[in-house]
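Single-structure report; data block below.
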Amino acid sequence: MRRGTKAIIKSFFNFTKGAGAKASVGAFVSCLVFIFVLICAFVSYGLWYFPYHLWSDEVFNVIVVNAPDSFVEYNNSTEANREAKRDSFGSLTDLRNYKNILRYQYTYDNYGYSEFIYKESEAAYDFVTYQKWMKNEDAYLTIVFPDNFDELIDERFSDGKLNSIEVLTYFRTDSLEYGNMKDQFISVYLNDYQNYLRKTHNVTTIETEDFRIADDPVPDPKGNNSLASAILAIGRTVVPLIIFIVILFAAMSSGTNVIAGQKENGTFTEIIMSPLPRSSIVIGNTAGVTIKALIPALIVVLMTQTHWRFITPGIFAVLIYVVSLALLISSIVILISVINNNIISAQTAFLPIFLLLIAVCVTCIQNYREVSELFHFFPVYGHFYGIGNSLANETNIPALISCILSSGVLTVAIGAVSANLLHRERFTVSVESVRNSEVHTGTGTHRLSFMERADLITSNIVFFADQIFYPLAVLSVFQLLAVVPTVINIMSHPEYTQFILDLQNVKTIEEIIATTFEVFGIFLSDPLFLGLMFPGYILMILTYLLRIYNREKIRPFTACFGKLGLPLENRTKVIKSYLTGLVLGLIMMGSVLVILIITGQVNYITFGLEDGITVTFIVNLLMWLPQGMTEEIMFRGFMIPRIREKSNTAVAVILSSFLFSAFHSANIGFTPLAAVNLFLIALLFALIYLKTGNIWMTSAIHTMWNLTQGNIIGLQVSGTEAASSVLRTVYGKSAMDIVTGGAFGSEGGLAVTAVTVTGLIILLLLSSLQRIRRKQKHATESA
Amino acid sequence: MKVISANDIHKSYTKDSETIKGVSFEVNEGEIYGLLGPNGAGKTTLMLMISTLLEPTSGSVTITDLDTRKDALEIHRRIGFLTTEIKLDPLSTPNKLYDFFAELYDIPRDEIRDRKALQFGTFGITPFADKKINELSTGMKQKVSIAISLIHDPKVIIFDEPTNGLDILTSKQVTDYLKHLRSKGHSIILSTHIFSVAQELCDKIGVLVDGKIVAEGTTDELTKITETDTFEEAFFKLYVENHKE
C-alpha cells in the first residue's frame, strides 16, 4: 500500500484533530451517549455473570413430589458423595474460593449443594402450588414422580416392556441459571439414579430409557417464559438493526468530514496537488471510514457474543458480513463526499440513503419469519438476514458468498466512480469558485454536461429532502417535548399500568410495535398533551419565522410573516379573510354533518359537554388555532412558493398535497380513502392559497374544520379523538365506515369527499367566472 | 533552459464564450514570470491549467517537458501550487499538517524532521508549530500554507496572487523568499494585479487582458513598446487598446 494511502487512513485516528476526519459536536455527543449506553450494557453484562444469588438466597434445593422409596434410598446413598463435593468446593460465600465459584458457574455441578425436600401431592400438574413451594423452599426444581413409580419400574424390569413411565419436572425461569442447573441435574443425577435402579434390579443391557422425563418451565409471572426464543428473535431483528445504524452513523459522521469537509476548509486542494493518485485518495478515505465504522460495530458484535453466550462458528460469518457492509456503506459515503462541497450538503445528501437503508432494515424485521431465501443472496438484505442467521448459527454459505461478492463488486464500482469523479476538474474547490464567477458572466444557453446535470440532481434532491424533512423534524421535536410530560403524567393512570400488563402478553416484535403505537395514541389525545401543543405550535411558527429570518435574511422581522404567506400589511383584509375562513370552515363541516344525517348514518345527537370538561374544551379551542396555522405554513405558505421557484406551480401543489396526506398517514385508522380525501382537502386549500395569495383564509378554514368536527359535532379528527365536545354525535348501528370514515373520523369517509369535491368545483367555477368577467371588463375598456 | 511552456492554450467554460483565447509563453530556469492583469482577465484559470487542476480546451502546457494532461502526477512532484486562498484544517496544527503532507509527498522519513525544522525556521513558524490553525493570524496561516506547498522543494512554483490580503511585513517576507528561491535556481510563475509586485519581482511580465497576452517583456521593454514613461502608464495603455466591451 502506498505511504500516502496509509497516511490518509492514519489521519482518521489523529486524536488531536489531524488533517483527516474531525467530529462535529453532534457526533461527539452521540459518541458520548453511545459510550454511556455501552458502559451500562457492560455493567448489566457483569451483573448477569455475577453470581449474586449465592450471596442472597441460595437456591439449590430440589423438591421431590411423591418420592418413591428407591429415590429416597438413592439420595441417602449419595449423601456422603455430595457432602465430599461440598467440602472440596468450600463455602460458596467465601470469596477466597473464587476459583470454585467460577467452576460452579461453568460446570453447574451444583447438585452437590442440593438438599431434597420431600412433598406429597395428588395433582401432578399443579404447577401453581409447586411454584409457591419452590419460592418458599429456595428450590429451583420440582420433580414429580407417579404415585406407584417403584411398582411400575418393577414391572418394567420384569417383562421388559416400556410402559411409558413419566416423571415430570418443573423449573423456575426467573434466572437463566436455573435452566442450565436443571439440565445438569437431569443429565447427571437422574441418569445416575436410572443406573442405580438397573443395578438394584440386576439389569444391565437395556438401550432405551426406563422412564421418560418431561421438563416444563414454570410460567413466570414476569412473563419471560420463552427467553431463549426471544433472544434468538432479537438476534435476528434488533442486533442487525443496531449494527446497521451504528455503521451508517459512524460512516456518515467521519465520511462527510473528509473530502467534503476538506473541500470546505480548503485542505483538499493541497491533497489533490500532491503526487498521490486519486484512486489512492479514494481507497485511503474509504478504508479510514470503514475502520471508523467497524469499531463500534465490532463492539456490538462482541456484546452479542458475551452477553448471550452465542459463541458459535457463526461469529466468523457475522464478522465477514459486518466488514463487507461497512465497506459498502463507506464507499457510498465517500462517493457522496466527493460530489458535495461542504459537510452540511454532504450530510443532507446522505440522509435519504440513511433513511432508505433504515427502511430496508424495517422491512427485513417485518418479514424475517417468512422471507424468500432469494433475498439472502443480495447485498443489504443479505447482510441483514445474514447477520441474524449467523448469530443463530444457521449460516447459509452460498448466500454468504453471493452476498459478499456482489457487495464487494458494488463497493469497487462505487469506489471507481468516486475516483473517476475526482478526476473531473470541477470537483476541486478552487475551480468551483472560478467556475461560478465565470459561468455567470458567460451567456447562458449551453447544454449541461453530465457532471453539471448530476450536480443539479444532487442539489434538487437536497432541496426536496429539506422540504420533506424540515416540517417532519420540527413537528417531531415539539411533539416529543410535549409527549414527555404527558408520559410522566400518564404513568400514574390506570392506562399505563394496563399497558405494562399488556406488554407481558406480547410475544412478537410486531405486537410490541402495535401496542406502542396504541399507547402513543392515548398520549396524543391526552388533554395535557393538547394543552402543551398550544405553545408548541406557536413555537413551531416561530421556528419557521426564524428560519426565514436567518437563512433568507429577510429584514425586518415582521416581513418574515409575509414570506410564510401571512402578510400583515392590510389589517382589515386579514381580519376579513380570517372571518370568511371561519364561516367557510363551519359551512363545510356542517355540510358533512348534513350529509351524514341525510344518508341515515347518525343515530342521535345530544348535548355532550359535561361539567369539568369545559377546561379541556377551551384547551382544545386554543390548540386548534395555532395548529391550523402551523399546518398551513408547513404545507402551503412555506412549501408551495419554494417548490414553485424550483419547478412549477403544478408540481408544488401536487407535491405539497401529497406530503400533507402522507403526514397524516401515521394516525390511527388510516385508509386509502382517507389518503385520497386528505389529498383533495390539501388541493382545495392549496388552490385557495394560490387564489388569495396568503394563508389567512385557509388557516381559518383549517382551524374551524377541526374545531367543528372534533369539539362541536364530536367526531374524530384525522384519527385523533377529541376530548370534549358541545354535541355528541352517535352513529347508528347500520352506519357504514365508508361513508363515516370509521376510526379515522369523517375525513376517512365519502361524506367529506363529496363536500371537498363540491368545494373544488365551486372554486374552479368561481375562478373561471372571474376570468370571463375580467375579459368582458377588458373588452368594454378597450371598446 | 525552458521550464514551463504554454502553446496556444484555449479554455472555455461555456460553449459560446472563451475565457482564455490562445495564450503562449515560456518560463526559463531561475526566472520569475509575472502574469499581470485586471480581475476577470483569466489569471486564475491560467494558473489552474498550469498546475494541472484544469484541462485546457485546446493547446497544451508542458512543465519540464511533461504534458499536464498525461503526466499530472509526475508534474505534481515537481511543482508547488500556492494561492492565498488556501485555508487549512482549522483544528489541526502546523506540525501535524506538515507530517501528513510529507507522507503524501512521499518524502523519506529521516528527512522529514530536518526539512521541517529548516522550513519552519525560514518562515518563523517554529514558535506556533503546535498551536491550532484556528488560533493563528492570517499571516501565520499564510506562512504555514506556503511552507506546506513547498514541502517537496519543487523546482517550479506557481503562485496565484502571492501578496493578496497580506500585511506589509508578511508580504515582504514572501517576496524576499521568492527572490531567495530564484537565486537557488527555481522557476516561478506568479499572477498579480499589483504593479509594484510585478515591477519588483518579475524578470518577465505578460500582460493579460480578456484572456489574451497582449504584450510581454521586462518593465523597461514594455514601456518602450508602448512609448510611455512609466510601467503603470504602459499597462493602462495596453488595457485600453485591447479591452473590448
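The values are calculated or read from the model by the stated rules, or taken from the named source; none is laboratory data. Since the model is a prediction, treat every value here as computed from it, not as a measurement. All Cβ positions, even for glycine, are placed from backbone atoms using ideal geometry, and neighbour counts span all protein chains on display.
Could you check segment A:363-399 and list, in sequence order, the residues that are at pLDDT below 80, among the hydrophobic types (A, V, I, L, M, F, W, C) and either within 16 Å of the chain's Cα centre (by Cα) or surrounded by 21 or more Cβ atoms within 10 Å (Cβ to Cβ) (or both)?
A:ILE365
Starting from residues that are modelled with pLDDT under 90 and of a type in the set (Gly, Ala, Ser), keep the ones in segment A:678-719 and report whichever is surrounded by the fewest Cβ atoms within 10 Å (Cβ to Cβ).
A:GLY693
Return the residues of segment A:600-652 that are aromatic (Phe, Trp, Tyr) and modelled with pLDDT of 80 or more; say none if nothing qualifies.
Selection gives A:TRP624, A:PHE635, A:PHE638.
Checking the structure you have, find out if any residue of segment B:42-50 is farther than 20 Å from B:ASP160 by Cβ and crowded, with 22+ Cβ neighbours inside 10 Å.
No, because not a single residue in segment B:42-50 is farther than 20 Å from B:ASP160 by Cβ and crowded, with 22+ Cβ neighbours inside 10 Å.
Go over the candidates B:LEU91, B:LEU118 one by one and state the one that is of a type in the set (A, V, I, L, M, F, W, C) and either assigned to a loop (DSSP other than H, G, I, E, B) or within 7 Å of another protein chain (Cβ to nearest Cβ) (or both).
Exactly one of B:LEU91, B:LEU118 is of a type in the set (A, V, I, L, M, F, W, C) and either assigned to a loop (DSSP other than H, G, I, E, B) or within 7 Å of another protein chain (Cβ to nearest Cβ) (or both), namely B:LEU91.
In segment B:125-136, which residues are under 24 Å from B:LYS172 (Cβ atoms), part of a loop (DSSP other than H, G, I, E, B) and either modelled with pLDDT under 85 or within 14 Å of another protein chain (Cβ to nearest Cβ) (or both)?
Within segment B:125-136, B:ALA129, B:LYS131, B:LEU136 meet the criteria.
Residues in segment B:173-185: is at least one within 15 Å of the chain's Cα centre (by Cα) and small (Gly, Ala, Ser)?
Taking every residue of segment B:173-185 in turn, none turns out to be within 15 Å of the chain's Cα centre (by Cα) and small (Gly, Ala, Ser).
Looking at the structure I just gave you, is B:PHE81 crowded, with 18+ Cβ neighbours inside 10 Å and assigned to a helix (DSSP H, G or I)?
On the way: crowded, with 18+ Cβ neighbours inside 10 Å: yes; assigned to a helix (DSSP H, G or I): no.
When the stated conditions are applied, B:PHE81 does not pass them.
Residue-by-condition table, conditions (1) at pLDDT below 85; (2) surrounded by fewer than 21 Cβ atoms within 10 Å (Cβ to Cβ):
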position	(1), (2)
A:VAL203	yes, yes
A:PRO219	yes, yes
A:LEU227	yes, yes
A:ALA230	yes, yes
A:ARG236	yes, no
A:SER253	yes, no
A:THR267	yes, no
A:THR312	yes, yes
A:ALA317	no, no
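Restricting the first residue to segment A:686-698 and requiring it to be small (Gly, Ala, Ser), which pairs with a second residue that is in a loop (DSSP other than H, G, I, E, B) meet a Cβ separation below 9 Å and a spacing of at least six or different chains?
Listed by first residue and then by second, the contacts come to A:GLY693/A:GLY565; A:GLY693/A:PRO567.
Between a residue in segment B:16-28 that is at the interface with another protein chain (Cβ under 10 Å from one of its Cβ atoms) and any residue that is in a strand (DSSP E or B) and surrounded by fewer than 18 Cβ atoms within 10 Å (Cβ to Cβ), which pairs come within a Cβ distance under 9 Å, given they are 6 or more apart or on different chains?
B:GLU18/B:HIS10; B:THR19/B:HIS10
I'm trying to understand the selection: among the residues of segment A:252-267, which are within 10 Å of chain B (Cβ to nearest Cβ) and part of a helix (DSSP H, G or I)?
Scanning segment A:252-267 gives A:GLY261, A:GLN262, A:GLU264, A:ASN265, A:THR267.
Given the criterion at negative phi, at the interface with chain A (Cβ under 8 Å from one of its Cβ atoms) and in a helix (DSSP H, G or I), identify the matching residue among B:GLU103, B:GLU111, B:GLU55.
B:GLU103
Among the numbered criteria (1) at pLDDT 80 or above; (2) within 26 Å of A:TYR537 (Cα to Cα), which single criterion is violated by A:ILE762?
In the conditions (1) at pLDDT 80 or above; (2) within 26 Å of A:TYR537 (Cα to Cα), A:ILE762 misses (2) alone.
Out of (1) within 7 Å of chain A (Cβ to nearest Cβ); (2) aliphatic (A, V, I, L, M); (3) over 20 Å from A:ARG278 (Cβ atoms), what's the single condition that is false for B:LEU73?
(3)
Going through B:THR122, B:THR175 one at a time, which residue ends up being in contact with a His (Cβ under 9 Å, 6 or more places away or on another chain) and among the hydroxyl-bearing types (Ser, Thr, Tyr)?
None of the others qualify; the one that does is B:THR122.
Consider B:HIS76 against the criteria (1) part of a strand (DSSP E or B); (2) at pLDDT 85 or above: it satisfies all of them except one. Which criterion is unmet?
(1)
Kindly indicate whether B:ILE32 is at pLDDT 90 or above and more than 14 Å from every other protein chain (Cβ to nearest Cβ).
Criteria met by B:ILE32.
Given the condition in a loop (DSSP other than H, G, I, E, B) and within 22 Å of B:LYS179 (Cβ to Cβ), answer yes or no: does some residue in segment B:3-24 qualify? First the steps, then the outcome.
The initial filter retains those residues of segment B:3-24 that are in a loop (DSSP other than H, G, I, E, B), namely B:12-19.
Adding the requirement that they be within 22 Å of B:LYS179 (Cβ to Cβ) leaves none.
Checked segment B:3-24: no residue is in a loop (DSSP other than H, G, I, E, B) and within 22 Å of B:LYS179 (Cβ to Cβ).
Answer yes or no: is there a residue in segment A:555-576 that is in contact (Cβ under 8 Å) with a residue 60 or more places away in the chain, in a strand (DSSP E or B) and either under 22 Å from A:SER476 (Cα atoms) or aliphatic (A, V, I, L, M) (or both).
no
Please state which one of B:SER171, B:SER145 is surrounded by fewer than 23 Cβ atoms within 10 Å (Cβ to Cβ) and either farther than 23 Å from B:THR62 by Cβ or facing chain A (nearest Cβ under 9 Å) (or both). Quick ask: steps written out before the conclusion?
Numbers: B:SER145 fails: surrounded by fewer than 23 Cβ atoms within 10 Å (Cβ to Cβ).
Answer to the selection: B:SER171.
Restricting segment B:174-202 to residues that are closer than 19 Å to B:THR218 by Cα and of a type in the set (Lys, Arg), which is surrounded by the most Cβ atoms within 10 Å (Cβ to Cβ)?
B:ARG182
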